[in-house]
Amino acid sequence: MFFRIISAIMFTIAGGTAGIYFSERIKSDLDFCRNIHEMFMNTAVIIRCSADDVYMISAELKNNKKFQRLIFLQAIPEKYNPEDNFREIWTDSVKSQKNLPDDVKGLLCDFGNVLGQSDIEGQLASMETLTEKACVLEKKHYDIYVQKSRLYKSVGVLFGIMTGILII
């Protein structure tokens, strides 16, 4: 009987841990959205103030400690090479980061296509549109987090308790 109680407690803890894990995954998606939103705003400031090219912008984004979770930035070149296509490298590196949600990847690919495509005013207008989309995406992921986070935690614990009761 003692071992059954111990195993019931272990299953309850395991269920709670699984619920917390899935809740943290949703929070991670929200954190990525916040990072992307901030990156878009920083890029707009860089374009407005210093009118840097795409390689200077990518170098500044790489060196910014706020964007360390955006691993794909490390694959972006900092210097011009006539044999490389910046937009293809950007898209490939964004798609290679597996822990980004698909909607965030799509927005980041759009961002990579906007950089350096037009004059400063055109880029700023595009950045404003992308920043608004990032804000909407952040709100969407926040709503998902609020709705499902507590649900995952509760269901995990309840599933663990249910399994524990079945063992007893």
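Just so you know, all these numbers are worked out from the coordinates, no wet-lab data involved. No experiment lies behind these values; they were computed from the predicted model shown. Positions of Cβ are backbone-derived with ideal geometry, glycine not excepted, and every protein chain shown enters the neighbour counts.
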Query raised in the report: Using the alpha-carbon atoms, what tilt in degrees (0 to 90, nearest 10) does helix 86-96 show relative to the longest principal axis of the chain?
Result: 0
**Report entry** Relative contact order (%) - the chain, alpha-carbon pairs under 8 angstrom, separation at least six
**Finding:** 51
Requested in this report: May I ask for the angle, rounded to the nearest 10°, between helix 102-114 and the longest principal axis of the chain, with both axes built from Cα atoms and the value confined to 0 to 90°?
Outcome: 10
**Report entry** segment 85-102 versus segment 107-152: alpha-carbon centroid distance in Å
**Finding:** 15
Report task. Name the residue farthest towards the positive end of the dipole of segment 1-88 from the options F72, S23, F3, assuming +1 on Cβ of Lys and Arg, -1 on Cβ of Asp and Glu, about the Cα centre. Result -> F3
Query raised in the report: Quick one: putting +1 on the C-beta of Lys and Arg, -1 on the C-beta of Asp and Glu, what dipole do you get for segment 59-168 around its Cα centre, in Debye to the nearest 20?
Result: 840
Query - Neighbourhood net charge (10 Å Cβ-Cβ; Lys/Arg +1, Asp/Glu -1) for M56 - result: -3
Query raised in the report: To the nearest 10 degrees, how steeply does helix 2-50 sit against the main Cα axis of the chain, on a 0 to 90 scale?
Result: 10
Query raised in the report: Per the helix-only calculation at 222 nm, which mean residue ellipticity applies to the chain, given -39500 (n - 2.57) for every DSSP H run of n ≥ 4 and division by its residues, nearest 500 deg cm²/dmol?
Result: -28000 deg cm²/dmol
Query raised in the report: Within the set K79/K133; K66/K98; K105/K133; K27/K139; K65/K148, which residue pairs have Cα atoms separated by over 23 Å?
Result: K79/K133; K65/K148
**Report entry** Sequence ranges 87-97, 35-45, ranked by mean other-Cβ count within 10 angstrom, highest first
**Finding:** 35-45, 87-97
Requested in this report: Report Rg(Cα)/(2.2 N^0.38 Å) for the chain, keeping two decimals.
Outcome: 1.40
Query raised in the report: How big is the Cα convex hull of segment 21-86 in projection, averaged over all directions, in nm²?
Result: 5.2
